[in-house]
Structure formats: C-alpha cells, structure tokens
C-alpha cells in the first residue's frame, strides 16, 4: 500500500473520531476566510469544502474570498467582534503580531506528536511563535521560475537559465528574434507581491532585509544590487513594463496567454498554466525550475511563502473549526491538489509514485527551493516595514529615485530617522 493509501486509512479513523457526538455541535455554521489568488484556487477550496460537508453533515461552511492585500485587515478588523470568522488563512509574516494581540487561538494542545513529526519542520515556523502554535500549516510554498519551452526552443535556447544574468541574456535573445516583445513578467505592484519578488532576488545577490540587531540592511550590498537588477530589466526592455502594476494573477494571465517567456510565481501557476486548457494557451509547454542564483554569490533564490489556517479567538465554534482545518490539511486532500500547492507532509516527497509522476519537474524544483527558503523579516511591525519598503521599490522602478537613494530613505524612516 502506498503512502497515500496508508494515510487515507489513518485519516478515516481520525475523521470518524472527529464525527462522534460532541466533536461538533449539530448544524454548526463556520465562517471561513481565504484569499482569492495564489495557492489553491477558489474553485479547489470550494471542492474541498463540499467534500468536507458531505463527510460532516452537521457542519456547514460559508466561504469568503478576498485578495491577499485585504486578508490581514479583514482578520484584524473582525478580531474580538464576536460575529467574525471561525477559520482564517494567515501569512507566515503575521503570527507574532496575531499572537501578541490575541487575534488567533493557541492550538498547541490540539496537535499530537504524530502530526508534529509528520509535517515538514520548516512548515511549523509558519504558525509558531515563542514555542506555541497558533494554527495548522497549510501551504508550503516559494516562488519558482516558469518558462515557455516552445519559445526557448524557437530561439535556439537548449536549456533553462542557470543564473539570473543568464535569464536576462536569454530574454534579450528572445526579444531580438521577435519571439516575444517583453520576455519577462513579474508581480511588482505596490503590494506584498513586490516584496516577495525582491526577496528572491535579494537572496540571489547575497543581501538581507535586516541585520543581527533587527535594523534595516536592505539599503546595502545585495539589497541594492537586487533593486538595480530590477530597474535594469525595465530599462533594457526585457521586463514587461506593466509589471509595476501586476499582482500574481496578472502574471499568470500574461504568461498563460503566451505573452511572456519567463515568469516568477507561486506553485499554483504550474497547474493553471500547464494543465488547464480553459485558463491557458500554453498547456504542455510550461517548464519550471527553482529560481537560479548569481555566480559567486548564490546557487538558488527563494522566498518563504508558507501560510497557515487558524481559529480567531472570538470564534464560538472552535472544535468544529479545528475539524475543518485538519480535514483541509490532511495528507489525502493535500495530495489531491498537490499541483496547485505543495503538501506540508514529509512522506509526500519520498513517495516513488510522486517522484516519477507527471509533476516530477515541479517536485524537483520544490525540493531544491524548500531546502533554503529565504524569510521575509521577522519584525515587530511587519506591515509598516513592508509598506515603506514597497514604496521605495516602486520609486526606483518608476524612475522617481535611484535604487540607492530610495532604499536609504526607507531604511532611515524604518530605523527612526
């Protein structure tokens, strides 16, 4: 029996146990908040929820989807209202704030030793703060470099790029040969998306967000090099100029319509671009690799994009909420939708059927990326930090300031002048 089969038997027992009287009140209604882009699609989450409700007829789930940019404020505004959410999706950058402000319920005692050891160690950093857990890891992700195989072949490029300078070199060839006007597309809108793309390039160029004392360090070394790299790709015409307005879904649409040869995006784009003919004009042509590095500085570049599912402290249905959360995070559910978001379970990556399956290239990219995930800064007020840095990045990209000046100004503001 394969790993999925073994886990299915174990999960069936858990499901039966959770369905016993007392595990959830009859006709309980849960209000759940998710995001509308990246990771699992809205349609996939609705499918998961429909299956859950069939197995738990006493629990109904009302789903709400908002853009990532609205997720944080939706959670905080509903906190303590008493009529808010029972389940929320939250980002890896928020547990410290949410724990300190009593936004999320401490669920440490609900997580047994088998679950704790079965989930990838790095995934727990998504939900843990000061030795306590405030949710269940759900999305284990990083950004990947996607490429159009047909375009590269037409340009005479025989293999994917091995470094970021090589990405630009290949992009220039594609542009010169008239294969695609703007070979690269990014999500550089003034939002968290640009921080994630910048993090990937920052790791590539050997930079860091903050120093050992938690003070801004992005205004030096690799942080400046990464932003200058971004600016230069706009100047030389290899980057789509609309990237400064794009979020991840815009990137997916541009790439899927055959208007880009390279794109940086989360795992979910692979399934949507390569396998979904309703959403993509480039199905079967999508290649994917772990983003490369810069010679002499790095071999790979990543960003920790993990997320978790938690229970707001104001929920009156915590048992039912945990039943729903553990169902969504179960091995068989995550395996079924693995092409949209990498499972959190260690055993998935050792399953021969997965290693030799149709998504082998994606699995290889994930394994390489997850070994060296680059974290966004763990600072007390991440929202303030991120917002000010977003402004600086946009200033440089739009030509309103040099990379050096924009970053120095942001660092000075965040350090208190």
Once each part is reduced to its C-alpha centroid, what is the distance from segment 310-357 to segment 252-278 in angstrom? 24
In this structure, the FRET efficiency calculated for residue 398 and residue 172 from their beta-carbon separation, with R0 = 25 Å, to the nearest 0.05, is 0.65
For the chain, with a Gaussian network of springs between Cα atoms less than 10 Å apart, report the residue from 356, 240, 304 with the top mean-square fluctuation. 356
Is the shape of segment 129-257 best called rounded, prolate or oblate, per the rule: a/c under 1.5 gives rounded, else a/b larger than b/c gives prolate, else oblate, with a ≥ b ≥ c the square roots of the Cα gyration tensor eigenvalues? prolate
Give me 142, 133 sorted ascending by neighbouring Cβ count inside 10 Å, so fewest comes first. 133, 142
Listed with the fewest Cβ neighbours within 10 Å leading, 381, 212, 91, 413 appear as 212, 381, 413, 91
The helix 192-204 Cα axis meets the longest alpha-carbon principal axis of the chain at an angle in degrees, between 0 and 90 and rounded to 10, of 60
To the nearest 10 degrees, the tilt of helix 403-414 (Cα long axis) against the first principal axis of the alpha carbons of the chain is 40
I'd like the antiparallel share, as a percent to the nearest 5, of DSSP beta bridges with both residues in the chain. 60
Pairing the Cα long axis of helix 382-397 with the longest principal axis of the chain, what angle in degrees results, from 0 to 90 and rounded to the nearest 10? 20
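Only the coordinates and a few stated rules stand behind these numbers; no lab work does. Everything quoted here is computed from the prediction, not taken from an experiment. Every residue, glycine as well, gets a Cβ built from its backbone with ideal geometry; the counts of neighbours run over all protein chains shown.
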